[in-house]
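Participant: Would you mind keeping the following structure in view while I ask a few things?
Derivation of every value follows stated rules applied to the coordinates shown; laboratory data play no part. Keep in mind it's a predicted model, so treat the numbers as computed, not measured. Note: ideal-geometry Cβ built from the backbone for every residue, glycine included; neighbour counts use all protein chains shown.
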Amino acid sequence: MTGQPARFTRRREDFTCEHCGTPVRGDGYTNHCPHCLWSKHVDVAPGDRAADCGGAMPPVGVLYEDGRQVLVQRCERCGHQRRNRVAAGDEPAAIEALYGRPVPD
Ligand SMILES: [Zn+2]
Ligand SMILES: [Zn+2]
């Protein structure tokens, strides 16, 4: 098998968003709610579910990397920050609402 970074573990998981209650159909890549963009701190490397923090990760900003929109989320519990590609099904209005916010490094 080639074409996948070795550290990415793909899992399909359906879950219910703990922030807004939207049922989210997992596609194996998206781990945030497409409606409110909140996620949960469960990964150390993307997809590995190795973090035992479990804190809520609200979106704190959006930026561009290589011409693609990247969502920045920050764990409310431990302060861990993560960047996530914006997924095709993500709510455009929720992303727009993040524009203009300072993105911490
Ligand atoms: Zn949500
Ligand atoms: Zn955390």
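Participant: Would you mind ranking ARG12, ARG83 by Cβ crowding within 10 Å, fewest neighbours first?
Facilitator: Lowest count first: ARG12, ARG83.
Participant: Also: Of LEU71, LEU98, LEU63, LEU37, how do they rank once you tally other Cβ atoms within 10 Å and put the fewest first?
Facilitator: LEU63, LEU98, LEU71, LEU37
Participant: Related question: Percent of Cα-Cα pairs more than 18 Å apart in the stretch 15-96, please.
Facilitator: Roughly 37 percent, rounded to a whole number.
Participant: A further question follows. From the phi angles alone, apply the Karplus equation (6.51, -1.76, 1.60; θ = phi - 60°) to the stretch 41-51 and give each ³J(HN,Hα) in whole Hz, x where the residue is Gly or Pro.
Facilitator: Per residue, the Karplus-derived 3J(HN,Hα) values read 7, 10, 10, 8, 8, x, x, 8, 6, 9, 7 Hz.
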